[in-house]
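Visitor: Quick one: the structure is below, and I'll ask about it shortly.
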Amino acid sequence: MNKILFSAVSKKFVMALAGLFLLLFLPVHLGINLMLLGSDPEPFNNAAHFMATFPLVKVVEIVLILAILVHITYGLILQIQNWRSRPVRYAVRNKSETTAFSKFMIWTGGSVLIFLVIHFFNFYFIKLGIVEGDPENFYSVAHQLFGIRGYVILYWICFLLLGFHLYHSLQSAFQTLGWSNEFWKPVIQVISLIYAIIIPAGFAVIPLVIQFVK
């Protein structure tokens, strides 16, 4: 029993660390993507080239991909273990056991995974030469994609769901790492809410401006 409990706690701890690393990367990614709003493609293309060629960034890229894989894998394992530990659904459930956000974490996470796969095909695989495209002109690639109304709608939906995922996951990560207590919990909730609004909204406004303003 102790071995199983320790294993679950270990998975949550590693998953929390991987999640926090990913959360640190998102503002950087957003900052680069905001360059798409400029009329000059050179700053964005230069930033994309730097991210693709600078040795230290390439190391961080490998760590980032590993963090994504670890976060997804452990998230799935923990969710499956949670489902298997509750084979019977009781007529009366304790509402304090879980929040509405935590109930749907696996589904919001799944939607983010689907978007990541699409994103890899549209950008990362072009850089690797697997998919046809110009890796030196991602500015045009992004603008072409944001000119497709269906893609933009999918993009907005995914980032809306990402916002819900971020709000719960940030609080959960701090709690798992032991950084949440009665004093800091309200502060962490506010920070989580602000982060979960600003980051997705920042990404979502880019195609909005490209579609209707530029």
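The values are calculated or read from the model by the stated rules, or taken from the named source; none is laboratory data. Bear in mind the structure is a predicted one, so any value in this text is a computation, not a measurement. Cβ placement follows ideal geometry from the backbone for every residue including glycine, while neighbour counts extend to all protein chains displayed.
Visitor: Got a sec? Which helices (runs of 4 or more DSSP H) wholly within segment 105-214 have at least 2 residues that are among the small types (Gly, Ala, Ser) and in contact (Cβ under 8 Å) with a residue 24 or more places away in the chain?
Guide: Qualifying helices (runs of 4 or more DSSP H): 105-119, 138-145, 149-176, 185-212.
Visitor: Same structure, new question: If the requirement is being within 20 Å of Leu162 (Cα to Cα), surrounded by 15 or more Cβ atoms within 10 Å (Cβ to Cβ) and at pLDDT below 75, which of these qualifies: Phe115, Phe120, Phe101?
Guide: Phe101
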